[in-house]
Structure formats: structure tokens, C-alpha cells
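K.L.:
The following block contains the structure, expressed as C-alpha cells.
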Amino acid sequence: MSSSNPAPSTPQTPIAPVKIVLVYQSLLGIYGDRGNAVVCRERLTRRGIDAEMVVVEPGDELPTDGQLYLLGGGEDMAQISAMKAIREDGGLFTALGSGAVLFAVCAGYQICGNTFTVGDRDEVVEGLGLLDVDTRRGTERAVGEVLHRWNRPDGSASLLTGFENHGGYTTLGPKAAPLASVEVGVGNNGQGTEGAVQGRVIGTYPHGPVLSRNPELADHLLELALGRELEPLPMPELDELRAQRISHARTLSR
């Protein structure tokens, strides 16, 4: 009887970690928005999904193979510097063209629009054009706790809490949809909407960091980036803290 050796097994290619890219922390990170990237990484690793957080600073080349990119808040001049560096680098546009997700907060949200203003002279600056929004100086600075109702893509609703601190008021064009409706706070411009969504780009004003306060929104971003649903991640202590923040925010509207 002839014998044959078993065919060698084909080596399995290791699955690369999910890459979460924090863009220009030194320019757009004055309100603790770095925490948004940390939260996303942690929510993946707690589910047994390998994830890495890559921090990219001005002068570094932006990777184009990330699944989720994050921009945070910053002052006027830092905002302009970040916008120019992102445009000159080009990597973020390449990544978005390949299906990546971008989440932008406050100043990061504004630079993703068509135009925004800075300085005492309200100089109009051209933005990145990733969201059909325009930002101009508001009648008064929006500062304080917020409560918004997020209308989720599946038709359900969820409350979002956070802290807004912005002098720019944002108007949405026809290509962008609001992320949420305002229950407490100013939101985009005092007219009842908050944030903007256009394709796989999402902008919003609240800090907190906002994804730490709102894990459902964090998971929504991760599911967009991964292209699949994530299993629940029960955290009762976080649910209790959220309930307290929601209750407190509602007292502010009385």
C-alpha cells in the first residue's frame, strides 16, 4: 500500500489590527478629545478585537490604511495649521476614498466644512470640503452642558451628552444631514440641529470626550469602520453615570 504525506497546511495571514488614527493631537487636542481615540481602541480590545491607536503629528505622513480617523478641538491658529497640513498631506482624502470613517469634533468639525471664519476680522477660510457645512461667528459663544437626540440610521433614537464650547455657528447645506436634534444647548447654530453627517464623515461640537460619554455613538463609528455589527459590551457603571448626566442636563432646561 502506498503512503502519502499530508499536504502542508497553508500559513494563515495574521489579521492586521484595526488602525485608529488620531490626527494632529498637538494642534487639535486641547479639550481632551484624544480620549475619543482611546475609547474606540478600548471598546474593540474589550471585545477581543486587536486594535492600535496611531498618533500622527504635523510633519508626519498620514497613513492611508486606517479604518477610523479622529480630529479634535483647537484654537483658531492651530485650526488653520491643521487644515493646511491635512490638505497638503493628502493622506486623509485617500483613506476616505478607500472607505475609512472620519469623526471630527468642534474645530475639527469646522475645518471639514466648505468654509469657516477665524480671528477678530472674521477672515473666511476655505475648509477641506468633506462636509457641506459653513461656519461663521455666532451671536454669542455656546458654552455648557448639552443634551441631544441622535436619530440613529436604523430609525431608533439615543440621547447624547457632552460639553460644548464654540464661537462658530454652523449652517448645513443640502448634502449634509444633521447628526442630532438639540434638547439642551446651542448645537450647530441655535436652530435645533447638532452636528453633520455626510457619507462616512461625521462632525459634532460636544467634548467630554463625547465618545466616552456616549458609547453607542462610539460603537456606531466602529461598526461603520469595520463593516459589521459588534456584540454588546455591558458596562453598568457607565450606564448609571450616563443616566446621572442626562438627568442633570434636563434640569438645565427648566
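K.L.:
Report the residue, chosen from Val133, Val38, Val210, that carries the largest GNM mean-square fluctuation when the chain is represented by alpha-carbon nodes joined by springs under 10 Å.
P.N.:
Comparing Val133, Val38, Val210 in a Gaussian network model of the chain, the most mobile one is Val38.
K.L.:
At 1.4 Å probe radius, can you tell me the per residue accessible area of region 137-254 in Å²?
P.N.:
48 Å²
K.L.:
Just in region 123-200: which trypsin sites (Lys or Arg not before Pro) are loop by DSSP and have at most 13 other Cβ atoms within 10 Å? Let's see the in-between values first.
P.N.:
Values: sites: Arg136, Arg137, Arg141, Arg149, Lys175, Arg200; in loops: Lys175, Arg200.
Here the trypsin sites (Lys or Arg not before Pro) that fit, given the DSSP loop and packing criteria, are Lys175.
K.L.:
Under unit Cβ charges (Lys, Arg +1; Asp, Glu -1), what dipole magnitude, rounded to 20 debye, does the chain have relative to its Cα centre?
P.N.:
Details: 22 positive and 32 negative charges, 95 e Å.
Its charge dipole is roughly 460 debye.
K.L.:
Testing the spin-label approximation: label points 7 Å from Cα along Cα→Cβ at Ser98 and Met235. State their distance in nm.
P.N.:
2.9 nm
K.L.:
Taking every DSSP beta bridge that has both residues in the chain, what percent is antiparallel when rounded to the nearest 5?
P.N.:
Details: 30 of 48 bridges.
Rounded to the nearest five, the antiparallel share is 60 percent.
K.L.:
Residues with beta-carbon under 14 Å from that of Gly227, excluding Gly227: net charge, scoring Lys, Arg +1 and Asp, Glu -1? Intermediate values should be presented prior to the final figure.
P.N.:
Details: positive: Arg200, Arg228; negative: Asp219, Glu223, Glu229.
Overall, the nearby charge balance is -1.
K.L.:
Give the carbon-plus-sulfur fraction of the accessible surface of the chain in %, rounded to a whole number; probe 1.4 Å, heavy atoms of protein chains only. Intermediate results must be reported in sequence, preceding the final value.
P.N.:
On the way: 6060 of 12260 Å².
Of all accessible area on the chain, carbon and sulfur atoms account for 49 percent.
K.L.:
Taking only protein heavy atoms and a 1.4 Å probe, what accessible area per residue, in Å², does region 31-96 have with all protein chains in place? Please list the in-between numbers first.
P.N.:
Numbers: 2880 Å² over 66 residues.
For region 31-96, the per-residue accessible area is 44 Å².
K.L.:
Now for a separate question. In the Gaussian network model of the chain, springs joining C-alpha atoms below 10 Å, which of Gly144, Gly187, Gly48 carries the largest mean-square fluctuation?
P.N.:
Most flexible of the set in this elastic network: Gly48.
K.L.:
Taking Cα centroids, how far is region 208-223 from region 80-145 in Å?
P.N.:
20 Å
K.L.:
Here's a follow-up. GNM on the chain, C-alpha springs below 10 Å: top fluctuator among Ser98, Ser156, Ser81?
P.N.:
Ser156
K.L.:
Net charge within 11 Å of Ala16 by Cβ-Cβ distance, Lys/Arg positive one each and Asp/Glu negative one each, not counting Ala16 itself?
P.N.:
Working: positive: Lys19; negative: Asp50, Glu52, Asp65.
Value of the local net charge: -2.
K.L.:
While we're on this one: Please list, short to long, the whole-number percent of alpha-carbon pairs of region 80-219 in consecutive 5 angstrom bins beginning at zero.
P.N.:
That works out to 2, 10, 21, 24, 21, 14, 7, 2, 0, in percent per bin.
K.L.:
Can you give me the solvent accessible area of Leu130 with a 1.4 Å probe, rounded to the nearest 10 Å²?
P.N.:
Rounded to the nearest 10, that gives 30 Å².
K.L.:
Something else about it: Loop only per DSSP, at most 12 neighbouring Cβ atoms within 10 Å: give me the GluC sites (Glu not before Pro) in region 190-234, ordered by residue number. Don't skip to the end; give the middle numbers.
P.N.:
Numbers: sites: Glu194, Glu216, Glu223, Glu229; in loops: Glu229.
Within region 190-234, the qualifying GluC sites (Glu not before Pro) (loop, at most 12 other Cβ atoms within 10 Å) are Glu229.
K.L.:
Another question about this same structure. All other residues with a Cβ under 14 Å from the Cβ of Gly187 taken together, and with Lys, Arg as +1 and Asp, Glu as -1, what is their net charge? List each step's numbers first, then the result.
P.N.:
Working: positive: Arg141, Arg149; negative: Glu140, Glu145, Glu164, Glu183, Glu194.
Its environment carries a net charge of -3.
K.L.:
If you keep only loop residues by DSSP, which trypsin sites (Lys or Arg not before Pro) in region 17-73 have at most 15 other Cβ atoms within 10 Å of their Cβ? Don't skip to the answer; put the middle values down first.
P.N.:
Numbers: sites: Lys19, Arg34, Arg41, Arg43, Arg46, Arg47; in loops: Arg46, Arg47.
Sites meeting the loop and neighbour criteria: Arg46, Arg47.
The values are calculated or read from the model by the stated rules, or taken from the named source; none is laboratory data. Here the structure is a predicted model, which is why all the values come from computation and not from measurement. Reconstructed Cβ throughout: ideal geometry from the backbone, glycine too, with neighbour counts over all protein chains shown. Only protein heavy atoms, including side chains, enter the accessible area calculation; ligands, DNA and RNA are left aside. Shrake-Rupley method; radii C 1.70, N 1.55, O 1.52, S 1.80 Å.
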